[in-house]
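Here the structure comes first, spelled out in structure tokens, and everything after it is commentary.
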Amino acid sequence: MAATGSSESVADAKEQIRQLRDQVDTLMRERVTPALSDAAGRAQDAARHARKAAEDQAAAFSTQVREMPITAVLIAVGAGFLIGRLTR
């Protein structure tokens with residue numbers, strides 16, 4: 001009789017494990033995967049916006065240098081001088 005009870009316990013445990021596995025698969029498919037996909041999409045959007053902002057800033061800086069080249073050169077010389085003094 002002990003063997004029958006033991007085999008029923010093993011069968012019950014296997015069934016519970018199968019049910020848990022099914023629940024985890026369903027949870028992954030319905031909740032986790034879409035959430036990760038959404039987060040990846042938002043991260044891509046943020047990276048795209050950051051790249052666009054950096055490009056806009058670079059274009060604005062380039063325009064200012066073209067419009068005021070002497071000022072740009074003087075600023076660069078001053079910055080170089082300060083960096084040189086600080087690193088000695």
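Seen against the Cα atoms of the chain and their longest principal axis, helix 33-67 is set at about 0 degrees. Taking the longest Cα principal axis of the chain as reference, the axis of helix 69-86 is set at about 70 degrees. Mean-square fluctuations from a GNM of the chain, with a 10 angstrom spring cutoff on Cα atoms, peak among Ala59, Ala13, Ala40 at Ala13. Dipole size of the chain about its Cα centre, with +1 on Lys/Arg Cβ and -1 on Asp/Glu Cβ: approximately 660 debye, rounded to the nearest 20.
Of Val32, Val24, Val77, the residue with the greatest mean-square motion in the GNM of the chain, using alpha carbon springs below 10 Å, is Val77.
Values in this text are rule-based calculations from the coordinates and carry no lab data. Keep in mind that what you see is a predicted model, and the values were worked out from it rather than measured. Every residue, glycine as well, gets a Cβ built from its backbone with ideal geometry; the counts of neighbours run over all protein chains shown.
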